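The values are calculated or read from the model by the stated rules, or taken from the named source; none is laboratory data. Predicted model, so just to flag it, every value in this text is computed and none were measured. Please note: Cβ atoms are built from the backbone with ideal geometry, for glycine as well, and neighbour counts cover all protein chains shown.
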Amino acid sequence: MKYAAIFFLIFITHNIYGQQFEFSDMRHIDVRGTATMEVVPNIIKINVTLEERYVGKQKLDIAILDTKFKAITQDLNINPVNITLDEFSSDYSTYKKRKTDVFATKNYIVKLDDIVVATALLKQLNEADMESYLLSKSHTDIINYRKQVKASAVKATKEKANYLLEAIDAKLGKLLRLKELINEDAEYKRYRNAMRSSNSYKPSASTMSQILGGFDPIIVSYSMDATFEIID
């Protein structure tokens, strides 16, 4: 999917009581503007772990797991160039009380640019009982989107201050202070941590994620605090 679906939600909280700034002797209004954008990622990295283990009395060999994994990626038309072997190791482990054996583990990183394919891959890996999780997601234009969100948050502060002052027959003066609050991609970070802890694919119930087949969009959110002069 080569596009970004963008939704702006402007939330503003405000207070018009006096606060102590270096311009505390001036009549002023303090407002906060928050802008949020939902972006469909087109840079998606998925971690896949293949681990040898016993199923009953039969050992599930790493070669069998590898074959199943490659069959899934081929079925989804994923280019082998986008599949990287991140780690391959073998260790002695204990199973069934005191029995020991050598178990191999392979870690792959799959890089995708299509949200539909990424969703299908996570689902099929989960159904095949292969450990996988979303490693990261981004967009090729994420820097520009962040700039847009910040600009929208600033505009929101001015818009709010304007109509609040109109209600008391006052006018908006010059900008006295502008402060950016750190709130970048907070929802995405919570989602990523949840995916890592569960090691499984879990569709989201949000409206946007339903459009994307259960895959959460990138949430870019910024808040700005602004102080404007009040003039008669």
Check E187, E127 and return the single one that is at pLDDT below 90 and either over 23 Å from R32 (Cα atoms) or in contact with a strand residue (DSSP E or B) (Cβ under 6 Å, 6 or more places away or on another chain) (or both).
E187
Taking the residues in the stretch 40-67 that are more than 17 Å from V117 (Cα to Cα) and touching a residue at least 60 places away in the same chain (Cβ under 8 Å) as candidates, determine which candidate is surrounded by the fewest Cβ atoms within 10 Å (Cβ to Cβ).
E51
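Specify which of the listed residues (A63, A35) is at pLDDT 85 or above and in the same structural domain as T157 (by TED's automatic domain parsing). Break it down into steps so the answer makes sense when it comes.
Values: A63 fails: in the same structural domain as T157 (by TED's automatic domain parsing).
After ruling out the rest, the residue left standing is A35.
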Filtering the stretch 153-169 down to residues that are of a type in the set (A, V, I, L, M, F, W, C), surrounded by 15 or more Cβ atoms within 10 Å (Cβ to Cβ) and closer than 12 Å to I29 by Cβ yields A161, L164, L165
Residue ID - nearest to S132 (Cα to Cα), chosen from residues in the stretch 82-110 that are modelled with pLDDT under 70 and basic (K, R)
K96
